[in-house]
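Below: one structure, written as structure tokens.
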Amino acid sequence: MESGNKITDLLTRVDDNIWEIPEDYSPGMNVPGRIYLSEKLIRDLEPETLDQVANVAKLPGIQKFSMAMPDAHLGYGFPIGGVAAFDEEEGVISPGGVGFDINCGVRLLRSNLTVDDVRPKMKELTEKMFEAVPSGVGSKSRLKVTDSELDDIFLHGSKWAVENGYGEKTDLEHCEGGGCIEGGDVGNISIKARKRGRPQAGTLGSGNHFLEVQYVDKIYDQEAADAFGLEEGQVSFMIHCGSRGTGHQICTDNIKTMSQASKKYGIQLPDKQLACAPAQSEEAQNYFGSMICAANYAWNNRQMITHWTRDVIADTFRSDIDELGLELVYDVAHNVAKLEEHEVDGKKKNVYVHRKGATRAFPKGHKEVPLKYRDVGQPVLIPGSMGTASYVLHGGDRSMDISFGSACHGAGRVMSRSHAKKEFQGEDIKMQLEKRGITVRSAHPAVIAEEAPGVYKSSSDVVNVVHELDIARKVAKMMPMGVIKG
């Protein structure tokens, strides 16, 4: 993008919240770009993010549009908040379209507890959760898995956890894809990736990952809220984490392979971070099989944390899990590529949908929405920044047409971690949050500074865009009571 130009001067406005990057924006674009932003949010969009959307549009076999959700910001190759679908036969698969934290995702656990029940025990509950769930850089699991158990986790995801006593079978019914993608291949996972993954099963990690105690502040859609088991004043628990070191290593290993493959197959890359290979090539399928394993590892991770969270809640309130109503509402992936059937130019076809910092948002009636929710649509979970509102939505009627069934995944950063640590002091942010009645526990004050509310866009502004576009419709607003940070 030429310096001095306003972003809006270079875009075509399609609708109130839809902006198009025309194909003549940058030579080599195969499709236009589409950015879903309000007029307010587009002011915070970095010019480089626009360039990344345009670069993704240059990859072979891309379908309809290269897209960016309203929480979009600069990422590795693809923007965070980027969505792109590639033809099963003529397209490509790119690790940069998934990211390093494969299946970083979020799940919501409801309860029968009220704010009045929990507030007096908030500090005790937060401390016990911090002790029960390993968190922070280098955190290690409470159990040691064998090589064969690690393979089972890679191949079966949450199913392994449930079969080994970490949860209930109903948890799998209320999880994207049942908490497992079929087709994983452990054969191409490096020794280093396995070594990093073995001690980290059931750990929260660091960065923007969290375990948060929330309450339902407002209901927007009573029918959907009833289906999801949510009501005002009710306390819930949100878990946000991913595939830890094993996912990062799998991505790192395959980016090297894909860089060589791009040259081998004569793919002209506008950015080396978009390293890719033809979807049916050995290199692409090897990555895809390994990526599935990392995604399954992440689902297992969140399932184990859910189990320990339930134990802590039951112990704190001296009641059993069933009486407390500790049911999983849903679990969604943020960073993943999936082979899905979508309609393109009036015909149904299989495409590899890359969602990087984006959440699946399938509408009512879709066969992959759990039966319990099929009349209202898939739950869509969009966490806010620390100390701000999170939202529960349901997949909207226009999601399949507009965004390959995808919505935003969070608030979206407007400040780097290094900048945040210069701008904020962790202890100051902690005191400010505690004055607002939000208990914070972290492995290190620097993490609080990196994730301060001022580092992110307004979650409400971001969510309103997908709501107004009918990509995902608001069901409930959740406010924090306590936050565990890695």
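The values are calculated or read from the model by the stated rules, or taken from the named source; none is laboratory data. In this text, all values refer to a predicted model and were calculated from it rather than measured experimentally. Here the Cβ positions follow ideal geometry from the backbone for every residue, glycine too, while neighbour counts run over all protein chains shown.
Is it the case that some residue within region 107-115 is within 30 Å of residue 170 (Cβ to Cβ), touching a residue at least 12 places away in the same chain (Cβ under 8 Å) and assigned to a helix (DSSP H, G or I)?
There is at least one residue in region 107-115 that is within 30 Å of residue 170 (Cβ to Cβ), touching a residue at least 12 places away in the same chain (Cβ under 8 Å) and assigned to a helix (DSSP H, G or I).
In region 205-232, which residues are farther than 21 Å from residue 310 by Cβ, in contact (Cβ under 8 Å) with a residue 60 or more places away in the chain and either assigned to a loop (DSSP other than H, G, I, E, B) or not charged (D, E, K, R) (or both)?
Those that are farther than 21 Å from residue 310 by Cβ, in contact (Cβ under 8 Å) with a residue 60 or more places away in the chain and either assigned to a loop (DSSP other than H, G, I, E, B) or not charged (D, E, K, R) (or both): 206, 207, 208, 219, 220, 221, 224, 225, 227.
I'd like to check something: does region 395-406 contain any residue that is assigned to a strand (DSSP E or B), at pLDDT 95 or above and closer than 25 Å to residue 40 by Cβ?
Yes, that holds for at least one residue.
Pick from 385, 416, 390: which is surrounded by 17 or more Cβ atoms within 10 Å (Cβ to Cβ), among the polar types (S, T, N, Q) and modelled with pLDDT under 95?
Going through 385, 416, 390 in turn, just one is surrounded by 17 or more Cβ atoms within 10 Å (Cβ to Cβ), among the polar types (S, T, N, Q) and modelled with pLDDT under 95: 385.
Scan region 43-59 and tell me whether some residue there is under 29 Å from residue 300 (Cβ atoms) and within 19 Å of the chain's Cα centre (by Cα).
No, region 43-59 contains no residue that is under 29 Å from residue 300 (Cβ atoms) and within 19 Å of the chain's Cα centre (by Cα).
Could you please tell me which pairs satisfy a Cβ distance under 6 Å, a separation of 6+ or placement on different chains, a first residue in region 458-472 that is surrounded by fewer than 23 Cβ atoms within 10 Å (Cβ to Cβ), and a second residue that is assigned to a helix (DSSP H, G or I) and aliphatic (A, V, I, L, M)?
Close Cβ pairs (under 6 Å, with a partner that is assigned to a helix (DSSP H, G or I) and aliphatic (A, V, I, L, M)) amount to 461/41.
Quick one: in region 14-70, which of the residues that are part of a loop (DSSP other than H, G, I, E, B) and among the aliphatic types (A, V, I, L, M) is surrounded by the most Cβ atoms within 10 Å (Cβ to Cβ)?
Ranking the candidates gives 59 first.
Could you say which residue among 358, 337 is touching an Asp or Glu at 6+ places or on another chain (Cβ under 9 Å), surrounded by 15 or more Cβ atoms within 10 Å (Cβ to Cβ) and modelled with pLDDT of 95 or more?
Criteria check complete, one pass: 358.
Across region 232-265, which residue is surrounded by the most Cβ atoms within 10 Å (Cβ to Cβ) among those that are in contact with a strand residue (DSSP E or B) (Cβ under 6 Å, 6 or more places away or on another chain) and closer than 14 Å to residue 282 by Cα?
258
Of all residues in region 106-137 being in contact with a helix residue (DSSP H, G or I) (Cβ under 6 Å, 6 or more places away or on another chain) and of a type in the set (Gly, Ala, Ser), which is nearest to residue 436 (Cα to Cα)?
111
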